[in-house]
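Everything below concerns the one structure shown next.
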Amino acid sequence: MTKTSDSVKPWVRTILILPAFIFVVGLFQWAGSLALGLDPSNYNINKSPAQEIIGELFTLTGTLVVVGIFRRFIDEESFKSMGFFNRNVINETLFGLGLGALLMATGFVSLISIHEINWLGLKVESINILLGIGLFLLVALTEELLLRGYILNNLMKSMNRLIALPVSAVMFSLGHIFNNNFSWLGFWNIFLAGILLGMPYIYTKSLWLPIALHFSWNFFQGTVFGFNVSGHVTYPLFTQSRTTDTIWNGGKFGFEGSVLCIVFQIVAILVLWRYYSKRSEQNQLSCVPITDPAPLNMHQS
């Protein structure tokens, strides 16, 4: 009997999971809104940080259900094989956390230095920091599980990985088009974020670094440095203000709506591409079998 995974092409699976994801996750989000006493029809309703976390928990649960069903019955592969391997967990997680923090800190300092934003001071509220950690961890898990773990994973089985990567990045960007204050500049920034998040995955097939980088990017952008996160208002540690909304500071969409963000992401993508390409070449060289020299002819005069 032909296995389901052999009969359903990988690129077809990426198409099939999208309506299933919208339907199932939509049901979970609807249930979450009812549980919180909110109007399910109002997508942009203002929520408290605690309500946002609970709502995102419902979203993650719906995502786990959809991806788990597809992985088990359509792909006929293990959930772990999407990228939850035991190797290099600590190193990849720390690298992802550090890279996200570095990019956001550099953006924050750069915008202050060119007078695009003003730093007003610190507002230390432990509960908001903890809520920010919880919210952005759930967001990172949800989006990386679907976009990199399932979609990019399957696309790489159907096409060259350097084509699969931008295709998945476009899908990632399209997933944010209904966010508040979305713009074309925001579209290209999130597209580049999809490239940046997917670059480690196409070389390692591991989700630890993308999850850590995604979390760190959002957490430091919003909860620490006070930018809106893809149009989402946060409760930050550093309070800031803008004299006016420009293409440099990103305006109400946040740092992801700025030209500066495009520049920093391109640099980070090129650095990662160079690093993983060089490492891949070294691994290939180390796998080349060494042929034994011809044995000496002991009878040769």
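Check whether at least one residue in region 204-211 is surrounded by fewer than 21 Cβ atoms within 10 Å (Cβ to Cβ), among the charged types (D, E, K, R), touching a residue at least 24 places away in the same chain (Cβ under 8 Å) and closer than 17 Å to residue 153 by Cβ, and report yes or no. Yes, the conditions are met somewhere in region 204-211. Picking from residues in region 222-265 that are in a strand (DSSP E or B) and of a type in the set (A, V, I, L, M, F, W, C), the one that is nearest to residue 183 (Cα to Cα) is 229.
In the set (1) at pLDDT below 95; (2) within 23 Å of residue 193 (Cβ to Cβ), the condition left unmet by residue 123 is number (2). The requirement of being under 22 Å from residue 64 (Cα atoms), at pLDDT below 95, outside any loop (DSSP other than H, G, I, E, B) and touching an Asp or Glu at 6+ places or on another chain (Cβ under 9 Å) is fulfilled nowhere in region 143-164; no residue meets it. The C-beta contact set for region 24-37 (first residue without any contact (Cβ under 8 Å) to a residue 24 or more places away in the chain and surrounded by 13 or more Cβ atoms within 10 Å (Cβ to Cβ), second residue among the charged types (D, E, K, R) and not in a helix (DSSP H, G or I), distance under 8 angstrom, 6+ apart or interchain) comprises 33/39; 36/47. Looking at this structure, is residue 27 assigned to a helix (DSSP H, G or I), aliphatic (A, V, I, L, M), under 30 Å from residue 9 (Cβ atoms) and in contact with a helix residue (DSSP H, G or I) (Cβ under 9 Å, 6 or more places away or on another chain)? Here the answer is yes, as residue 27 does meet what is asked. Here is a list of conditions, (1) more than 21 Å from the chain's Cα centre (by Cα); (2) aliphatic (A, V, I, L, M); (3) over 28 Å from residue 204 (Cβ atoms); (4) surrounded by fewer than 17 Cβ atoms within 10 Å (Cβ to Cβ), and residue 69 meets all of them except one; can you say which number that is? The single condition residue 69 does not satisfy is (3). Filtered by the rule that a residue be within 20 Å of the chain's Cα centre (by Cα) and within 14 Å of residue 58 (Cβ to Cβ), region 10-28 gives 21, 25.
Considering each of 83, 100, 107 in turn, give the residue that is crowded, with 17+ Cβ neighbours inside 10 Å, modelled with pLDDT of 95 or more, within 30 Å of residue 208 (Cβ to Cβ) and touching a His at 6+ places or on another chain (Cβ under 8 Å). If you could, list the steps in order and put the result at the bottom.
Working: 83 fails: touching a His at 6+ places or on another chain (Cβ under 8 Å); 107 fails: touching a His at 6+ places or on another chain (Cβ under 8 Å).
On inspection, the qualifying residue turns out to be 100.
Being among the hydroxyl-bearing types (Ser, Thr, Tyr), surrounded by fewer than 18 Cβ atoms within 10 Å (Cβ to Cβ) and over 23 Å from residue 240 (Cα atoms) narrows it down to one residue among 158, 126, 168; which is it? Can you show your working first?
Details: 126 fails: over 23 Å from residue 240 (Cα atoms); 168 fails: surrounded by fewer than 18 Cβ atoms within 10 Å (Cβ to Cβ).
None of the other options fit; the residue is 158.
Taking (1) in contact with a Lys or Arg (Cβ under 8 Å, 6 or more places away or on another chain); (2) in a helix (DSSP H, G or I) in turn, residue 38 satisfies each apart from (2). From 219, 187, 172, grab the single residue that is part of a helix (DSSP H, G or I) and in contact with a Leu (Cβ under 6 Å, 6 or more places away or on another chain). One residue alone meets the criteria, 172. Of all residues in region 236-286, count the ones that are charged (D, E, K, R), surrounded by 17 or more Cβ atoms within 10 Å (Cβ to Cβ) and over 18 Å from residue 188 (Cα atoms). Of the residues in region 236-286, 0 are charged (D, E, K, R), surrounded by 17 or more Cβ atoms within 10 Å (Cβ to Cβ) and over 18 Å from residue 188 (Cα atoms).
When you check residue 112 against the structure, is it in contact with a strand residue (DSSP E or B) (Cβ under 8 Å, 6 or more places away or on another chain) and surrounded by fewer than 19 Cβ atoms within 10 Å (Cβ to Cβ), yes or no? So that I can check it myself, show each step before the final result.
Working: in contact with a strand residue (DSSP E or B) (Cβ under 8 Å, 6 or more places away or on another chain): yes; surrounded by fewer than 19 Cβ atoms within 10 Å (Cβ to Cβ): yes.
In short, yes.
Just a yes or no: is a residue in region 133-149 among the small types (Gly, Ala, Ser), over 22 Å from residue 91 (Cα atoms) and surrounded by fewer than 22 Cβ atoms within 10 Å (Cβ to Cβ)? Scanning region 133-149, I find no residue that is among the small types (Gly, Ala, Ser), over 22 Å from residue 91 (Cα atoms) and surrounded by fewer than 22 Cβ atoms within 10 Å (Cβ to Cβ), so the answer is no.
The values are calculated or read from the model by the stated rules, or taken from the named source; none is laboratory data. Here the structure is a predicted model, which means the values were calculated and not measured. Because the Cβ atoms are built from the backbone with ideal geometry, glycine has one as well, and the counts that use them run over all protein chains shown.
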